[in-house]
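The values are calculated or read from the model by the stated rules, or taken from the named source; none is laboratory data. As the structure is a computational prediction, the values presented were derived from the model and not from experiment. Neighbour counts are summed over all protein chains in view; Cβ atoms, including those assigned to glycine, are modelled from backbone coordinates with ideal geometry. Calculation scope for accessible area: heavy atoms of the full protein, side chains included, ligands and nucleic acids excluded. Shrake-Rupley method; radii C 1.70, N 1.55, O 1.52, S 1.80 Å.
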Amino acid sequence: MSVMTHVRRLIALSLLIILAAAGIARASEIRVMISGGLATPYKELVPQFERATGNTVVTAYGPSMGKTENAIPVRLARGEAADVLIMVGDALGEMIEQGRAVRTSRVDLVRSPIGIAVRAGTPKPDIGTPDALKQALLNAKSIAYSDSASGVYVGTELFKRLGIAAEMKDKAKMIPAVPVASVVARGDAELGFQQISELLPIAGADLVGPLPPDVQKITIFSAGITSSATQPEAGRALIAFLASAAAAPTLKKAGLDPFAASEK
């Protein structure tokens, strides 16, 4: 049996189990809010789910945190409707504490490491050790990082841990709302930090690699049902599919470490 055939059978089997458990009798429209860390594999997986179930998934994209107009907490605060939230686990936890998401519905999907990107075709600095990373940052003329989980860590912890917070103050900038790799690709920053899954899809930028293990920060992305969901069971079915072994290869291809794969 070929690998592709095996994957297809896993997908079909997983969907049958999911749908039987969910007891869905008719097609539903599932409204999802999702942050960029899972956007690329999500866009590949959702059509599979739609074809198998007859459901339609309507998606709004935005950061897991922050105050930009598309940020998921901001969308919810202004009353935008959603059945499913897919976002940084800590941020989903805040939504649960605020009563915007159902505590028992939370499912952890993937672990996501932070990486560094450079403009395509430019030399890749050595970032294999904390000392090498420190020197690469000191040598860089400009640095960009996101306004979501990875950027919060970089701006508030990483530079301090490396002992270069003062040197980074004027040349490292937080980038709101847009992919950091796009800023790097157009030459507006020499180095860019973000989740690897968000760096990989951007044309014109090359991944240097993940942060060294001693200073890496793994972010967990999780999914949950909103307290105001009109399609909670269909939403649970979608979450179950994204958390299944059938979805794991697509998630891994995007630079993520799915919990389903780890539990085999």
query = Modelled label-to-label distance, Asp188 and Arg103, 7 Å Cα→beta-carbon offset: nm?
reply = 4.2
note = Candidate cut points under GluC sites (Glu not before Pro) in the range 36-70, DSSP loop plus at most 13 other Cβ atoms within 10 Å of their own Cβ, are Glu69
ask   = HN-Hα J couplings of the range 209-220 from phi, Karplus 6.51/-1.76/1.60, θ = phi - 60°, integer Hz, Gly and Pro as x?
value = x, x, 5, x, x, 5, 10, 6, 10, 8, 9, 9
ask   = So what is the accessible area of the range 140-248 per residue, in Å², with the probe set to 1.4 Å?
value = 39
message = What are the ³J(HN,Hα) couplings of the range 72-82, residue after residue, when phi is run through the Karplus curve with 6.51, -1.76, 1.60 and θ = phi - 60°? Round to Hz, x for glycine and proline.
response = 4, x, 5, 4, 5, 5, 8, x, 5, 7, 7
query = Taking H as built 1.01 Å from N, whose amide H comes closer than 5 Å to the amide H of Ala101, not counting residues under 5 places away?
reply = Ile96, Ser227
query = Amide H of Leu109: which non-local residues (sequence gap of 5 or more, or other chain) have their own amide H closer than 5 Å, using H built in the peptide plane?
reply = Phe221, Ser222, Ala223
inquiry  = Residue by residue through the range 151-164, what is 3J(HN,Hα) from phi via Karplus (6.51 cos²θ - 1.76 cosθ + 1.60, θ = phi - 60°)? Round to whole Hz and write x for glycine and proline.
reply    = x, 4, 5, 4, x, 9, 10, 4, 4, 5, 4, 7, x, 10
query = Once every DSSP H run of n ≥ 4 in the chain is given -39500 (n - 2.57) and the sum is divided by its residues, what mean residue ellipticity at 222 nm do you get, rounded to the nearest 500 deg cm²/dmol?
reply = -10500 deg cm²/dmol
ask   = Top to bottom by accessible area (1.4 Å), largest first, where do Lys173, Lys217, Lys141 land?
value = Lys141, Lys173, Lys217
task = Specify the residue with the greatest mean-square fluctuation among Arg119, Arg111, Arg78, computed from a Gaussian network of the chain linking alpha-carbon atoms under 10 Å apart.
result = Arg78
note = Percent antiparallel among DSSP beta bridges confined to the chain, rounded to 5, stands at 60
query = Where in the range 33-62 does the amide nitrogen come within less than 17 Å of the point 7 Å from the Cα of Thr230, taken along Cα to Cβ?
reply = 33, 55-60
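Per residue, what volume in Å³ does the convex hull of the Cα atoms of the chain enclose?
It is 136 Å³ per residue.
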key: Estimated distance in nm for a label pair at Asp257 and Thr56, the labels positioned 7 Å out from Cα along Cα-to-Cβ   = 3.9
ask   = Of the accessible area of the range 192-239, with the probe set at 1.4 angstrom, what percent is carbon plus sulfur?
value = 54
key: Over the range 118-220 - Rg/Rh using Cα atoms and the Kirkwood inverse-distance radius   = 0.91
ask   = Of Ala223, Pro63, Pro123, which is farthest on the positive side of the dipole of the chain, counting Cα position, with +1 on Lys and Arg Cβ, -1 on Asp and Glu Cβ, and the Cα centre as origin?
value = Ala223
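Give, rounded to the nearest 20 debye, the magnitude of the charge dipole that the chain has about its Cα centre when Lys and Arg contribute +1 at Cβ and Asp and Glu contribute -1 at Cβ.
Taking the Cα centre of the chain as origin, the dipole is about 300 debye.
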key: Length-normalised contact order for the chain - Cα pairs under 8 Å, 6+ apart - percent   = 29
request  = Can you tell me which of 162-172, 193-203, 91-101 comes out highest on packing, and rank the rest after it, using the mean Cβ neighbours within 10 Å?
outcome  = 193-203, 91-101, 162-172
remark   = Simple SL model, points at 7 angstrom along Cα→Cβ for Glu94 and Glu29; separation in nm is 3.0
